[in-house]
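Below is one structure, written out as structure tokens, with a few remarks after it.
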């Protein structure tokens, strides 16, 4: 089930920041939480924007630069649409609009220097015995947290074994990282391959 909305009371722990810093980010992004009774919520698109800003800041960026990138990303399609006759301007369905927002967010995130950098980070986490949260594992594997959670108690990816071991601070699942070597089975596989290669089917007689 996809996230529809999230209480703003959960956001400080989600990002590891003070409540005052959260309010500053909401103001900078022009986000007005929806109020219901005594509670306030942000919707899925607003949450995605907050996540993108947080990742931008975590990687050394600043809010003003992020906002400038958003403005540039918005201006470009607007300029293109302004050149079209009114009858040719497309009407976006809600699902299409979400896809556009996701595309903009991905463009705003700094790209990594190497496609294999995530393997080095996983290797470091394995060597140091770090427990990663679901969102951290999802970010490294380029999957959604929903997909990671759906894998169950244990799964394998990129030569690593991920096992649920508890709950991290903030309520996310904690994952231990291990590795399994295929060297243990190689001798048997090699023997079978040699026997097959020298079986009667391959006998030159």
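How high is the FRET efficiency between residue 156 and residue 124 when r is their beta carbon distance and R₀ equals 25 Å, given to the nearest 0.05?
Taking R0 as 25 Å, the efficiency between residue 156 and residue 124 is 0.85.
Which of rounded, prolate or oblate describes region 126-179 when judged by the alpha-carbon gyration tensor and an a/c cut-off of 1.5?
Cα axes put region 126-179 in the rounded bin.
Calculate, in nm to one decimal, what residue 143 and residue 116 gain on full extension: separation in residues at 0.36 nm each, minus their alpha carbon distance.
Roughly 8.2 nm would be gained on extension.
For region 12-35 and region 118-185, what is the separation of their Cα centres, given in Å?
If you average the Cα positions of each part, the centres end up 29 Å apart.
Each value in this text was obtained by applying a stated rule to the coordinates, not by laboratory testing. Predicted, not measured: the structure shown is a model, and the values here were computed from it. All Cβ positions, even for glycine, are placed from backbone atoms using ideal geometry, and neighbour counts span all protein chains on display.
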